[in-house]
Structure formats: structure tokens, C-alpha cells
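Heads up, the thing below is written out as C-alpha cells.
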Amino acid sequence: MRRINCAVTRGSNRRIGSVLFTVGLLATLTAAAEARQPFEYITPSNRSGDIDLLIGRQKTWVLKSGSELRPPAPPADRSARTAAELV
């Protein structure tokens, strides 16, 4: 069986790796250059400034347990409420 010179194989792998890295880097830079700014479609006229002013006034909710936010049980299958929702 013939042995392959490992130094040649390693050098080729490094060249292939550097080429792939360069191609990936160029693709990333090209995509970043063509990307639009986030929320570019929002103009100042359709954005409410009041929301930004109220952010600091929000209070943190502290719950004793998760049961404090549980929704009520659904109505029975044959109830009038269920029938009204399905119509």
C-alpha cells in the first residue's frame, strides 16, 4: 500500500479552507451591504411618539404563582355560549 505525503494533503486542505473562508466572507459582506436598515419601512408619520415616552413608567409585575394568570375554564360542549361562538 502506498502512503500519501501528509504535508501535501495538509497544505491542500489549508488552501481549500482559506478559499472557502474567503468566499463565505465575501458572501456575508455582500449580503450585509444589500440589507436594508431594520424598521426602514416605518416612517415618523406612522409611528407614535407617545409609546416611547411611556416605556419608563411601566411597572414590573411580581406574581406569587403562575396560577394568577390562568384563563377561565372553557364553556361546556353543549352550552349556549359554545353554540354562539360557533355560529
Can you run phi through the Karplus equation (6.51, -1.76, 1.60; θ = phi - 60°) for segment 79-87 and list ³J(HN,Hα) in whole Hz, with x for Gly and Pro? 7, 5, 5, 5, 5, 5, 5, 7, 7
So, with points 7 Å from each Cα along the Cβ direction, the VAL87-THR28 label distance in nm works out to 6.1
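Calculate, for ILE16 and ARG70, the FRET efficiency according to 1/(1 + (r/R0)^6) with r their C-beta to C-beta distance and R0 41 Å; round to the nearest 0.05. Walk me through the numbers before you get to the answer.
On the way: r = 58 Å, r/R0 = 1.41.
Here the calculated transfer efficiency is 0.10.
All of the numbers you see were taken from the coordinates with simple rules; none came from a lab. These numbers come from a predicted model, not from an experiment. Every residue, glycine among them, receives a Cβ derived from its backbone with ideal geometry; neighbour counts consider all protein chains shown.
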